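Student: Dropping a structure here in structure tokens format, bear with me for questions.
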Amino acid sequence: MSDEQSRYRGPLTTRWDYMKEILVECPKCNKEALVTVDTKFHNRGKLTCRNCMHSERSVDRSRKYKSSGHAVDPIFGLPLWFQAEVRGDLFWASNREHLGEIKSYVSAKLRERQTMLFTTMVEKLPHFIKDAKNRATIIKAIEKLERK
């Protein structure tokens, strides 16, 4: 791996940049479903499952789903599609783009601060993800989630 390939030069994104579309577990069929967040009202959204064709809007729901012990989306409270336990810690990502960006960051041996104006998404990652001793384990977990 060359020096350029081992250096992280990701986008200047915050975690909210990855919250417009969130992949979750469908409450009807337990397959991958998409929560699309309303850009004007961040507490509203729509759930759509391509597998079973289940669909609902957050403004129409009468109850919030329960999911203890899992990372959940902020609109419906459904378990995130991309999550795994890594050495006793919960690893999760909102969508494929988020998962890919975390993989790029973890894979890099040199991680430079991108901006001084705000804290980026990768700078807010939990320590267990950023820890070099967990690099191989995290990448293995990400690759398993990518095949899901």
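The values are calculated or read from the model by the stated rules, or taken from the named source; none is laboratory data. Quantities reported herein were computed from a predicted structural model and do not represent experimental measurements. Ideal geometry is used to build each Cβ from the backbone, glycine not excepted, and the neighbour counts take in all protein chains shown. To get the accessible areas, we keep the full protein, side chains included, count just its heavy atoms, and leave off ligands, DNA and RNA. Shrake-Rupley method; radii C 1.70, N 1.55, O 1.52, S 1.80 Å.
Student: Determine the percent antiparallel among the DSSP beta bridges restricted to the chain, to the nearest 5. Before the final figure, lay out the partial values.
Tutor: On the way: 19 of 21 bridges.
Roughly 90 percent of the DSSP beta bridges within the chain come out antiparallel.
Student: Of LYS20/LYS148; LYS20/LYS103; LYS31/LYS124; LYS40/LYS130; LYS20/LYS144; LYS109/LYS144, which pairs sit farther than 31 Å apart, going by alpha carbon to alpha carbon? Show your work: numbers first, answer last.
Tutor: Numbers: LYS20/LYS148 21 Å; LYS20/LYS103 20 Å; LYS31/LYS124 29 Å; LYS40/LYS130 33 Å; LYS20/LYS144 24 Å; LYS109/LYS144 21 Å.
Violating the 31 Å Cα-Cα cut-off are LYS40/LYS130.
Student: Once you charge only the Cβ atoms, +1 for Lys and Arg and -1 for Asp and Glu, what is the size of the charge dipole of region 38-117 about its Cα centre, to the nearest 20 debye?
Tutor: 120 debye
Student: Using a 1.4 Å probe and counting only protein heavy atoms, arrange ARG9, ARG135, ARG57 so the residue with the most accessible area comes first. Could you put the intermediate results ahead of the total?
Tutor: Values: ARG9 150, ARG135 50, ARG57 120 Å².
Listed by decreasing accessible area, they come as ARG9, ARG57, ARG135.
Student: A further question follows. Any chance you could look up the accessible area of GLU112 with a 1.4 Å probe, heavy atoms only, rounded to 10 Å²?
Tutor: The value for GLU112 is about 80 Å².
Student: Now for a different question. Report the Cα centroid-to-centroid distance between region 72-140 and region 13-56 in angstrom, as an integer.
Tutor: 19 Å
Student: Follow-up question, since we're still on this one. Apply the a/c threshold of 1.5 to the C-alpha gyration tensor of region 45-127 and tell me whether it is rounded, prolate or oblate.
Tutor: On the way: a/c = 2.30, a/b = 1.97, b/c = 1.17.
Prolate, since a/c reaches 1.5 and a/b exceeds b/c.
Student: Report relative contact order for region 50-148 in percent, whole number only (criteria: Cα-Cα under 8 Å, sequence separation at least 6).
Tutor: Once divided by the residue count of region 50-148, the mean separation gives 20 percent.
Student: For the chain, what is the accessible area per residue in Å², given a 1.4 Å probe and the full set of protein chains? Don't skip to the answer; put the middle values down first.
Tutor: On the way: 9190 Å² over 148 residues.
With all protein chains present, the chain gives 62 Å² per residue.
Student: Related question: Please name which of ILE139, VAL122, ILE75 has its Cα lying farthest along the dipole of the chain towards the positive end, using unit charges on Cβ (Lys, Arg +1; Asp, Glu -1) and the Cα centre as origin.
Tutor: Most positive-ward Cα: ILE75.
Student: Could you size up the charge dipole of the chain around its Cα centre, putting +1 on the beta carbon of Lys and Arg and -1 on that of Asp and Glu, and report it in debye to the nearest 20? Let's see the in-between values first.
Tutor: Working: 29 positive and 19 negative charges, 54 e Å.
In total the dipole reaches around 260 debye.
Student: Please give the helix 96-107 orientation as an angle from the longest Cα principal axis of the chain, in degrees from 0 to 90, rounded to the nearest 10.
Tutor: So the inclination is approximately 20 degrees.
Student: Per the helix-only calculation at 222 nm, which mean residue ellipticity applies to the chain, given -39500 (n - 2.57) for every DSSP H run of n ≥ 4 and division by its residues, nearest 500 deg cm²/dmol?
Tutor: Details: 3 runs with 29 residues, N = 148.
Rounded to the nearest 500, the figure is -5500 deg cm²/dmol.
Student: While we're looking at this one, here's another question. If you wrap a convex hull around the Cα atoms of the chain, how much volume per residue is inside, in Å³?
Tutor: Working: hull volume 17.9 nm³, N = 148.
Convex hull volume per residue, Cα atoms: 121 Å³.
Student: Something else about it: Cα axis of helix 135-147 to longest principal axis of the chain: angle in degrees, 0 to 90, nearest 10?
Tutor: The two axes meet at around 40 degrees.
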